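Below is one structure, written out as structure tokens, with a few remarks after it.
The values are calculated or read from the model by the stated rules, or taken from the named source; none is laboratory data. Since this is a predicted model, take the numbers as computed values, not measurements. With ideal geometry, Cβ positions are generated from the backbone for all residues, glycine too; neighbour counts draw on all protein chains shown.
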Amino acid sequence: MEYLAEFIGTAMLVLLGNGVVAGVVLKKSKAEAAGWVVITLGWGLAVALAVYSVGHVSGAHINPAVTIGLASVGQFEWSMVPGYLAAQLAGGAFGALLVYMHYLKHWAVTDDSDAKLAAYSTSPAIKSTPANFISEFIGTFVLVFGVLAIGANGSALGSVEVNLQEAYSTGMAPLLTGLLVVAIGMSLGGPTGYAINPARDLGPRIMHAVLPISGKGSSEWAYAWIPVVAPITGGVVGALAWQATGFGF
């Protein structure tokens, strides 16, 4: 049941998150050129709704960086990690398929191949492996550190008793987590498009490669490892840093 929840939650995240990007970047969309603020707000709401939807079942990690980060500090069972990661990757791919179907008539009328890729996966504004890695690392560090802080904050949740593995999926916490993602996007998202989630980037990138998208261009596989490795690394360090504070465990 937990694996199905992670699949559904990640699919919803990508459907709504990549959906807002597609609406902004694809031609003849009524949301065309709505801008970065709309994208960051859309992604934040996507996170909040996904967490509300499945948090009571799986804890709504919906992100391998969160799953591995929690496991690295003893807040999640390592035996469950492979299943969670597989469900998240599959959910990301399925969500991207739904975005493709939803905007079916807009791919052919959009000439910009970079815009089409943006509706699936991230790419850097300035290509630099060290700088891009650092950006994704910092963004995911803030995400995981912030998620644990939200989960441990009893006043924010309206409860003093908190189970950190699931706490950010109850009460006001999903909304606060969504606002955290908005803050990351607005403040730190400019250099790379803030993947901060391997499943959100790799699953849709695979779909970009295999779907019959007119004039889609490159899937940028040479870059694809950065939004996988950097978020996982940043998530683990973020969780370890939170543990080191002694505030919540």
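Overview of results
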| item | result |
| --- | --- |
| Condition check for W107: of a type in the set (F, W, Y), farther than 27 Å from V144 by Cβ and in contact with a helix residue (DSSP H, G or I) (Cβ under 8 Å, 6 or more places away or on another chain) | yes |
| Filtered residue count, segment 40-67, keeping only those that are over 25 Å from M186 (Cα atoms) and among the hydrophobic types (A, V, I, L, M, F, W, C) | 2 |
| Those helices (runs of 4 or more DSSP H) lying entirely in segment 17-121 with at least 1 residues within 19 Å of the chain's Cα centre (by Cα) and among the charged types (D, E, K, R) | 113-118 |
| Residue within segment 229-247 that is over 21 Å from V181 (Cα atoms) and in contact with a helix residue (DSSP H, G or I) (Cβ under 8 Å, 6 or more places away or on another chain) present | yes |
| Matching entry among S187, S219, S214 (being in a loop (DSSP other than H, G, I, E, B) and either under 22 Å from L13 (Cα atoms) or among the acidic types (D, E) (or both)) | S219 |
| Index of the failed condition, A33 passing every other in (1) buried (at least 23 other Cβ atoms within 10 Å of the Cβ); (2) on the phi > 0 side of the Ramachandran plot | (1) |
| Answer from S169, S155 - the residue that is at pLDDT below 90, under 27 Å from S121 (Cα atoms) and not acidic (D, E) | S169 |
| Any hit, segment 50-58, residues being over 30 Å from T245 (Cα atoms), surrounded by fewer than 23 Cβ atoms within 10 Å (Cβ to Cβ) and of a type outside the set (V, I, T) | yes |
| Residues of segment 190-206 classified as in a helix (DSSP H, G or I) and surrounded by 24 or more Cβ atoms within 10 Å (Cβ to Cβ), total | 7 |
| Checking W225 against (1) under 26 Å from A87 (Cβ atoms); (2) at pLDDT 95 or above; (3) touching a helix residue (DSSP H, G or I) at 6+ places or on another chain (Cβ under 8 Å), the condition it does not meet | (3) |
